[in-house]
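Worksheet: the structure to be examined is printed underneath.
The values are calculated or read from the model by the stated rules, or taken from the named source; none is laboratory data. What you see is a predicted model, and the numbers here were worked out from it, not measured in a lab. Cβ coordinates were reconstructed from backbone atoms using ideal geometry, including for glycine residues, and neighbour counts include every protein chain displayed.
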Amino acid sequence: MSEGDLLEQLKIDRGQREDGSGHGRRWPWLAGVVVLLVALGAGFWWWQQRPVQVNVVSAERPQSGAAAAAVLQATGYVTARRQATVSAQITGTLTQVLIEEGDHVRKGQVLARLEDKAQRADLDAAQASAAAAHAQIGQDRAQLRQAERDMRRQESLVRRGLVTRQAAEQAQTQVDALHAQVDADRKRAAAADAQVAVARVQFGYTVVRAPFAGVITAKAAQVGEIVSPLSAGGGFTRTGVGTIVDMDSLEVDVDVNEAYIGRVKPGMPAQAVLDAYPDWSIPAHVIAIVPAADRGKATVPVRVALDAHDERIVPDMGVRVSFLEKRQAPGRQAPDGVLIPASAIVRRGGHETVFVADGDTARAHAVSPAKGSYGDLKRIPAGLNPGTRVIDHPPAGLQDGDRIRIAKPAS
């Protein structure tokens, strides 16, 4: 075979070359399709995981009687009837501070400790003195028993005429003196025991304890600072360790215009709405009308009790109170359960279902609404508590465990 024939065999056919190049041009298109499918899948996953925007309303306790209407509104603040700034009863340097803001404490719990070396030394000295006083009593009693035995022997010798009457009288005098000595020792021991009690009380003052159960709302001192029950001036001495609030004692103080105070009566029902939670109505009632007026504002203070306690209620929150005039049928009691909008009840899996807002998660609760209605409200006899936030008009695709975002109320 000639060299020309060999070169002819090595040539690439044009059709084969075009087919190979066409196959190479298809790979970018395939890669683009894969990227597009991945992007669509990621977008669908994000669409499925995004929070669902919902509106929530609060479940309310049914009012007793046929109806209740607001006759007056007033604004005020949440206050605590039991609130204390806890301090030490003596002046001292803090060695431990065991509280932080937001801590729940029980009555008698240790909140802080002061330097106690001097008080401990005083207590040890008082206990030693008391021990010595009690030991002296024992010594004098032993001497008294011996003197009584000597007196009996002297009296026996006097009866037999072996010693003079004077010796027996001297023995009797010794016994009487030792009786007096023992009585004095008892009094000195009692005084020493009292000194021990005083020293123990002073030692106890180095420990700061909670006067009642509550929540710490302020931490006022740190380790190393000096605290004192009295203000020393100059800003170097703390007068308190922290502030504790009994959250079960929260109520509302409102100022009612004196021109309308006649509409308010002790015991009348009311509803409180916090500025922070405008969609949450808290059942309440009037405790008392304070017999004092502010001549500058022409108002009279009124104390209002909150019938529902919730961790969202904190001191100094702004609140609006609606005083209600009840039209109650005689002998009729408030029904059990709560009232929620009928639009919050949907059917899921063949059951009447309500979705509750648990933080940023929707939780499904099967319910059994009572027969009848209260306008556009339905009564749920059991399963929900007053103040529970339920989702109004839940979307059709909403399921248990879905993430939600609560829409802000319109201003």
Test result for VAL208, under 30 Å from LEU98 (Cα atoms), at pLDDT 90 or above and surrounded by fewer than 13 Cβ atoms within 10 Å (Cβ to Cβ): no
Cross-chain or 6+ apart pairs with Cβ under 8 Å, segment 283-300 first and closer than 19 Å to ARG320 by Cβ and free of Cβ contacts under 8 Å to residues at least 24 places away in the same chain, then aliphatic (A, V, I, L, M) and in a loop (DSSP other than H, G, I, E, B): HIS285/MET268
Positions within segment 255-272 being without any contact (Cβ under 8 Å) to a residue 60 or more places away in the chain and buried (at least 20 other Cβ atoms within 10 Å of the Cβ), in sequence order: ALA270, ALA272
Strands (runs of 3 or more DSSP E) wholly inside segment 57-173 containing at least 2 residues that are more than 23 Å from the chain's Cα centre (by Cα) and more than 25 Å from VAL215 (Cα to Cα): 67-80
Of all residues in segment 120-158 being modelled with pLDDT of 90 or more and not small (Gly, Ala, Ser), the one that is nearest to ALA218 (Cα to Cα): ARG120
Of the criteria (1) touching a Phe, Trp or Tyr at 6+ places or on another chain (Cβ under 8 Å); (2) part of a loop (DSSP other than H, G, I, E, B), which one PRO211 fails: (1)
Every residue from segment 292-304 that is over 18 Å from THR79 (Cβ atoms) and exposed (fewer than 13 other Cβ atoms within 10 Å of the Cβ): ARG295, GLY296, ALA298
Matching residues, segment 182-225, being touching a helix residue (DSSP H, G or I) at 6+ places or on another chain (Cβ under 7 Å) and within 30 Å of GLU311 (Cβ to Cβ): GLY214, VAL215
Check on ASP310, in a helix (DSSP H, G or I) and touching a residue at least 60 places away in the same chain (Cβ under 8 Å): no
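Hey, can you tell me all the residues within segment 259-286 that are of a type in the set (Lys, Arg) and part of a loop (DSSP other than H, G, I, E, B)? I'd like the intermediate steps shown before the answer.
Within segment 259-286, the first condition is being of a type in the set (Lys, Arg), and the residues that meet it are 263, 265.
LYS265 - this is the single residue of segment 259-286 that is of a type in the set (Lys, Arg) and part of a loop (DSSP other than H, G, I, E, B).
Search segment 336-363 for residues being among the basic types (Lys, Arg) and over 20 Å from GLU60 (Cβ atoms), and hand back the single one that is surrounded by the most Cβ atoms within 10 Å (Cβ to Cβ). Explain how you work it out, then say what you get.
Here is the first cut: in segment 336-363, the ones among the basic types (Lys, Arg) are 347-348, 363.
Then drop every residue that is not over 20 Å from GLU60 (Cβ atoms), which leaves 347-348.
Details: ARG347: 8, ARG348: 15.
Applying the filter and picking the extreme gives ARG348.
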